[in-house]
1. Considering segment 123-133 alone, what residues qualify as being surrounded by 12 or more Cβ atoms within 10 Å (Cβ to Cβ), at negative phi and modelled with pLDDT under 90?
2. Of all residues in segment 161-170, count the ones that are loosely packed, with under 10 Cβ neighbours inside 10 Å, assigned to a strand (DSSP E or B) and at pLDDT 90 or above.
3. Can you tell me which residue within segment 102-122, out of those that are crowded, with 16+ Cβ neighbours inside 10 Å and assigned to a loop (DSSP other than H, G, I, E, B), is modelled with the lowest pLDDT?
4. Hey, can you tell me all the residues within segment 47-60 that are within 27 Å of residue 103 (Cα to Cα) and touching a helix residue (DSSP H, G or I) at 6+ places or on another chain (Cβ under 9 Å)?
5. Can you report the number of residues in segment 67-84 which are touching a helix residue (DSSP H, G or I) at 6+ places or on another chain (Cβ under 7 Å) and more than 21 Å from residue 40 (Cα to Cα)?
6. When you go through 19, 13 one by one, which is the residue that is over 19 Å from residue 126 (Cα atoms), modelled with pLDDT under 95 and not in a loop (DSSP other than H, G, I, E, B)?
7. Using beta carbons and a limit of 7 Å, which pairs, at least six apart or on different chains, have the first residue in segment 91-108 and more than 13 Å from residue 5 (Cβ to Cβ) and the second one assigned to a helix (DSSP H, G or I)?
8. Using beta carbons and a limit of 8 Å, which pairs, at least six apart or on different chains, have the first residue in segment 62-86 and in a loop (DSSP other than H, G, I, E, B) and the second one surrounded by fewer than 16 Cβ atoms within 10 Å (Cβ to Cβ) and modelled with pLDDT of 95 or more?
């Protein structure tokens, strides 16, 4: 079973709060288990994500870290493959077959300009397209490819809210009501 951690570099308040929140939401919904972030500690961001986890369930966590290199080294010591998502990397389509043979990933997603050391500390620098685009879209596409669409059917235990899929309308189950 795959385990994917996300490392968000250089979170800036308030500039990155919305994008970092969307990264965490995409990461959680599409199969990642943890998100670490560096830069400026943002307890409001953490509270938003923890509220989503409480309401919608799942085993996901978000944690601030002072030094992203420490979490990379920890992940490497646990045999995680370090992936840096960048439009300057190897095209995802060219490397996906090799990645699908691996089980544990730490995916680095930048904010401001990513320092060059992260291009060298990573096992793979991977491009999801070669045009400017959102880091949220890159992460979503990467996770979907790694989980081969199976994350879209995932059931999240422990939540109080769930969607009832329907052709028309919006139906939500609230187990507290």
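1. Taking segment 123-133 and keeping what is surrounded by 12 or more Cβ atoms within 10 Å (Cβ to Cβ), we get 123-129, 133.
Retained after the next criterion (residues that are at negative phi): 123-128, 133.
Residue satisfying the conditions is 133 alone.
2. As a first pass, look at segment 161-170 and keep what is loosely packed, with under 10 Cβ neighbours inside 10 Å: 164-170.
Adding the requirement that they be assigned to a strand (DSSP E or B) leaves 164.
Remaining after also requiring at pLDDT 90 or above: none.
Number satisfying all stated conditions: 0.
3. Initial filter on segment 102-122 (crowded, with 16+ Cβ neighbours inside 10 Å): 105-111, 114, 118, 121-122.
After this cut, where a residue has to be assigned to a loop (DSSP other than H, G, I, E, B) as well, the list is 110-111, 114, 122.
On the way: 110: 91, 111: 85, 114: 92, 122: 98.
Checking each candidate, the answer is 111.
4. Across segment 47-60, the qualifying residues are 49, 52, 53, 56, 58, 59, 60.
5. 1
6. Working: 13 fails: not in a loop (DSSP other than H, G, I, E, B).
It is 19.
7. Close Cβ pairs satisfying both conditions: 92/142; 92/145; 96/145; 99/146.
8. Going by the 8 Å Cβ cut-off, the qualifying pairs are 78/104; 79/104; 80/3; 80/104.
The values are calculated or read from the model by the stated rules, or taken from the named source; none is laboratory data. All values reported here derive from a predicted model rather than from experimental measurement. All Cβ positions, even for glycine, are placed from backbone atoms using ideal geometry, and neighbour counts span all protein chains on display.
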